[in-house]
Amino acid sequence: MIRVTIDAVPLLVRSAGVKNYLYYWTRHLRQEAHGADAAHAFHIRLFPFLDEASWLNHEGSVANPLATWMRLGMLFLLNRFPNDITGWSDPDVDLFHTCKLLNPPRRAKLTATVHDLTCWLLPETHAPSNVAADKLFAERILQRADALIAVSEATRCDAVRILNLPPEKIRVIHHGIADPFFQVKPGDADVVRQRLGLARPYLLFVGTIEPRKNVDRLLNAWRDLSPSTRNEFDLVLAGPPGWAQSDTMARLRNPAPGVRYLGYVAEGDLPGLFAGATAFVYPSLYEGFGFPVAQAMAAGTPVITSCVSALPEIAGGAALLMDPLSEASLRDAMEEMLTSPSRRERSIELGRANAKRFTWEECARKSLRFFEEVVGRA
């Protein structure tokens, strides 16, 4: 029996990609723990004393308010003062996979996931507190970990180059995409369009409104599209407000004609929202993986995205790539995709095939093999 404890603290706070990852990853790890591919049985526990989350809400905790604050308070104390409380409270753990905890059990093998290196490459797109926290995590955890998971080959290369981590220490294991994105039907899209009041064909963006997502350039490029294209389509943006985007949020709350801002859209409505779009656009300046790109492809939606970071790797040749620093490049890509049915059909076909690479079952199976190898090392 291999006993694995996973630090699932992001399930207690407002989060997007990392919370999505932990929610689906831990559920599928438990489902696959006794699978045929595992040489050993696994027992998967969640820290701090969490049960499996039964629902996913990026805007709130999976626990009730009192339980959430008690656990976050405990995390604060554990990180602030050197200790091995997790060692004696969980003495039989063989491997601890940490996310936020800076003082993990000393007797267990230590692993973590490297999601991206934006705090080093684009620090201006993050709050200073996030940059400081990521750099402390790298110093205290990534440098001393027995092994690491990177969510893409691009992220692995960045970690080796920027943090001087040994390449053999890092295993690339791509995220998965939830089944509803693969199973969405036209009727699901119709229901979501009606509920959200989306009467016209639309180009979709999904993501937190923060500097890294490049929303201002997207709005500028949309403004510069040909009048005939803007008269036929709306630009629909979905995602909660992030940090330091007051000017951008002002543009979204008082949008130009043809621009719709939906705010946060619940996880259950996202497959239908993607499937109902004529195309999806994601001009991010940097992504360690890029969940929305893979989700759109799984839902059968043509994708326009950036030619940087992990996005070409995840797009797998199925997306129309553009330069995220060039409004002209973004404008031309949107114009081409929206006005060319044949381009969209080709992108849909390639995208559906590409998205099949990303399943949570495969992610969980590879992760369990990774844990086996780490625990088995002398």
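Pairs exceeding 27 Å between alpha-carbon atoms, taken from Lys185/Lys366; Lys135/Lys169; Lys100/Lys185; Lys100/Lys356; Lys19/Lys169: Lys185/Lys366; Lys100/Lys185; Lys100/Lys356.
Using the Cα centre of the chain as the reference point, and only Cβ charges (+1 on K/R, -1 on D/E), how large is the resulting charge dipole? Debye, rounded to the nearest 20.
Details: 42 positive and 42 negative charges, 81 e Å.
Roughly 380 debye for the chain.
When peptides 137-144, 155-162, 270-277 are ranked by their average number of other Cβ atoms within 10 Å per residue, the highest-first order is 270-277, 155-162, 137-144. The shape of the stretch 179-355 can be summarised by an equivalent ellipsoid whose semi-axes, obtained from the alpha carbon gyration tensor, come to 21, 19, 17 Å from longest to shortest.
For the chain, the Cα-based Rg and Dmax, in that order, read 21.1, 67 Å. Of the peptides 218-227, 283-292, the ranking by mean beta-carbon count within 10 Å, highest at the top, reads 283-292, 218-227.
For the peptides 298-307, 248-257, the ranking by mean Cβ contacts within 10 Å, running from highest to lowest, is 298-307, 248-257.
Every read-out reported here was derived from the displayed coordinates using simple, explicitly stated rules and does not represent laboratory data. Everything quoted here is computed from the prediction, not taken from an experiment. FYI the Cβ positions are ideal-geometry reconstructions off the backbone, even for glycines, and counts take in every protein chain you see.
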